[in-house]
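Asker: Handing you a structure now.
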Amino acid sequence: MATAMDAGCFVNRKERSVSKQSSSCTLHLVSTYKSAIPNLLLLFRPAFADGVYYSTAFRRMMMSSDDVIYVDDDTPFYTKQPTAELNQIFQTESKRIASALGGHVTSDPLHIGSTAIKGLPGTPVVDIAFSIREFPANDDVVSKLSKIGYDYKGPSPHDDKNDCWAMGGNAKKGHLGRVIVHMSRDGSDFCENAAAFRDYCNAHPEAFKAYKNVKLQGAELARENANNGGMSPHFAYKMHKNKIQRDIVAKSLAWNNNHKQGN
């Protein structure tokens, strides 16, 4: 049983194991017809739902396609951004959050982060930002967020003095439908700076290309680390894009200041 599992094949616990020869053939077919596997998997899922084992490597192959790759067992990375779906998630969830929090919110919601940069590859988690009256979020805000399915995480590690966050939405962590809510200190420049980064990437093809390339490279590096047992795939991805991201942040802030001064 263990040998068949390691080979990356289906194993029916109730009936029989699969030979190494069959395993090799299956892996060859998977490699050859990889782009069609996600749809085939959905088609045959009911038949394989009970008593079937998928090895880690085999599941990664099945879940990957031309538009989506998996950087670890359960983290999709979209090489082709699902722009319309992301925009709809932002519209729906920002209205839900604003309605729930009411007077606690002091600004219009902003769509920020990679999913707000049109056509940019990345993980499909939508970032929504707005300002709140009391920072960090008070108990009433935390309670209201909890009632609509958002788990408050406290101050953000990116900017703990001006940003606190909560996670929720209509999908599990890392998947399309997942949302991170950023609540910034009223009067801080967190939302403005995040919007400047988004707008700069949307307006400057060279910045967009540099950020796109480093994200794709980071995703591939994360996959390699997941496959060979190296550093955390998430950490590898974040570290790889860090320098380029910081360079673009600096340029976007200077660009935004020039705009404000009318230059």
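Asker: What is the number of the single condition among (1) within 30 Å of THR106 (Cα to Cα); (2) of a type in the set (Gly, Ala, Ser); (3) in contact with a Pro (Cβ under 7 Å, 6 or more places away or on another chain) that ALA226 does not meet?
Answerer: (1) is the only condition that ALA226 fails.
Asker: Where residues in the stretch 161-177 are among the aliphatic types (A, V, I, L, M) and not in a loop (DSSP other than H, G, I, E, B), which of them is farthest from VAL125 (Cα to Cα)?
Answerer: Among them, the one singled out is ALA166.
Asker: Follow-up question, since we're still on this one. Can you tell me which residues in the stretch 212-263 are of a type in the set (Gly, Ala, Ser), surrounded by 13 or more Cβ atoms within 10 Å (Cβ to Cβ) and in a helix (DSSP H, G or I)?
Answerer: GLY218, ALA219, ALA222, ALA226, ALA236, SER252, listed by residue number.
Asker: Here's another thing I want to ask about it. Taking only pairs six or more apart or across chains, which ones have beta-carbon atoms under 8 Å, a first residue in the stretch 147-171 that is over 17 Å from GLU192 (Cβ atoms) and among the aliphatic types (A, V, I, L, M), and a second residue that is in a loop (DSSP other than H, G, I, E, B) and open to solvent by 40 Å² or more (accessible area, probe 1.4 Å)?
Answerer: From residues that are over 17 Å from GLU192 (Cβ atoms) and among the aliphatic types (A, V, I, L, M), the pairs are MET167/LYS173.
Asker: Moving on to the next point. Filter the stretch 81-133 down to residues that are small (Gly, Ala, Ser) and in contact (Cβ under 8 Å) with a residue 60 or more places away in the chain and give me whichever is nearest to ALA171 (Cα to Cα).
Answerer: GLY122
Asker: Confirm whether ILE117 is open to solvent by less than 20 Å² (accessible area, probe 1.4 Å) and in contact with a strand residue (DSSP E or B) (Cβ under 7 Å, 6 or more places away or on another chain).
Answerer: no
Asker: Here's a follow-up. ALA137 - would you say it is at pLDDT 95 or above, surrounded by fewer than 19 Cβ atoms within 10 Å (Cβ to Cβ) and over 22 Å from the mean Cα position of the chain (by Cα)?
Answerer: no
Asker: When only residues in the stretch 178-200 that are part of a strand (DSSP E or B) and over 11 Å from ASP127 (Cα atoms) count, which is most open to solvent (accessible area, probe 1.4 Å)?
Answerer: This residue is ARG185.
The values are calculated or read from the model by the stated rules, or taken from the named source; none is laboratory data. Remember, it's a predicted structure, so these values are computed and weren't measured experimentally. For neighbour counting, all protein chains shown are included, and Cβ atoms are generated from backbone atoms with ideal geometry for every residue, glycine included. Accessible surface areas use protein heavy atoms only, side chains included; no ligands, DNA or RNA. Shrake-Rupley method; radii C 1.70, N 1.55, O 1.52, S 1.80 Å.
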